[in-house]
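Reviewing the structure listed below.
The values are calculated or read from the model by the stated rules, or taken from the named source; none is laboratory data. These numbers come from a predicted model, not from an experiment. When we count neighbours, we look across all protein chains shown, and the Cβ atoms used for this are built from the backbone with ideal geometry, even at glycine. Calculation scope for accessible area: heavy atoms of the full protein, side chains included, ligands and nucleic acids excluded. Shrake-Rupley method; radii C 1.70, N 1.55, O 1.52, S 1.80 Å.
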Amino acid sequence: QVQLVESGGGLVQAWGSLRLSCAASGSTSSYNTMGWYRQAPGKHRELVATITTGGSTDYAGSVKGRFTISRDSDKNFVYLQMNSLEPGDTAVYFCLYEGRFSNYWGQGKQVTVSS
């Protein structure tokens, strides 16, 4: 089992910035992918960004150039720096840990961007 603890998020005005953090603990593996997905009311959960232990990243087109994902692989921490936030970014953000055999999700953190 892998446990994920998320922090950050909150309320911000448009064009502001927020940072999300996620720490994985438990039966983590040396090679994994961590990242963030989000789900807005009435919508499906969607990819925001992921990063492998090797540092390879993947971003949703809607956040490229505004969001930056990074990680501390030694400690299995992943961060999402969100800049130039837009009201359309309002959602619950979920941390994801993709292990060798199983995936794990965090509880989710609310991000609200006011116009």
- Message: Looking for something at pLDDT below 95 and not aliphatic (A, V, I, L, M) - is there at least one such residue anywhere in the stretch 13-25?
- Response: yes
- Note on the structure: Log entry, pairs with first residue in the stretch 72-83 being farther than 15 Å from residue 95 by Cα, second being polar (S, T, N, Q) and open to solvent by 50 Å² or more (accessible area, probe 1.4 Å), beta carbons closer than 6 Å, six or more apart or on different chains, reads 83/17
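For the stretch 98-115, give me each residue that is aromatic (Phe, Trp, Tyr) and part of a loop (DSSP other than H, G, I, E, B).
101
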- Note on the structure: Scanning the stretch 6-58 residue by residue, the ones that are aromatic (Phe, Trp, Tyr) and under 18 Å from residue 75 (Cβ atoms) total 2
- Query: How do the strands (runs of 3 or more DSSP E) wholly within the stretch 1-81 filter down when requiring 3 or more residues that are of a type in the set (Ser, Thr, Tyr): which remain?
  - Reply: none
- In the stretch 63-74, residue farthest from residue 2 (Cα to Cα) [restricted to those that are at pLDDT 95 or above and open to solvent by 70 Å² or more (accessible area, probe 1.4 Å)]: 65
- Query: How many residues are open to solvent by less than 70 Å² (accessible area, probe 1.4 Å), farther than 17 Å from residue 100 by Cβ and not β-branched (Val, Ile, Thr) when one looks only at the stretch 1-60?
  - Reply: 23
